[in-house]
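Have a look at the structure below before the remarks.
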Amino acid sequence: MVEWTFPRHPRSVGRARAVLLRQAFEWRVPDETTEVALLLLSELATNACRHAAAPRDRHIRVTCAVLDDSTLRVEVSDADPHLPTPRRAARRTSPAAASNSSPPSPPPGAPTAGGRASSARRSGSN
């Protein structure tokens, strides 16, 4: 098991990834496991840097251990003495959902997809 501490700063995420990558190489952790661990570490360390309700001068701690041939444990802790409070995500319309809806109909006389304006003629006028 190894443990590192980093300042609670966004640059620490990249530094933590570099240290974990080097350690995983020394421990001969398979590449796929290392990639997943690096992604996990990035998420957890970013959250610790951004969301911890602790002073900026406090540190985050990263702990890693090889538990068996296929398990690498990664833990990240911040200086916040309180556990996170579960919250319900806000409902938002995603850009993908908005793009899947049909576009509004153009007003009469507006250019159509072919680039020509359409118009309605009154009967009897010329």
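Bear in mind these aren't lab numbers, they're just calculated from the coordinates by the rules spelled out. Note that the structure is predicted; figures quoted are calculated from it, not measured. Reconstructed Cβ throughout: ideal geometry from the backbone, glycine too, with neighbour counts over all protein chains shown.
Here are some notes:
- log₁₀ of I(q)/I(0) at q = 0.12, 0.14, 0.18, 0.20 Å⁻¹ - the range 2-77, Debye sum with one point per alpha carbon: -0.30, -0.41, -0.64, -0.77
- Near residue 33, once Lys and Arg are set to +1 and Asp and Glu to -1 for all other residues with Cβ below 12 Å from its Cβ, the sum equals -3.
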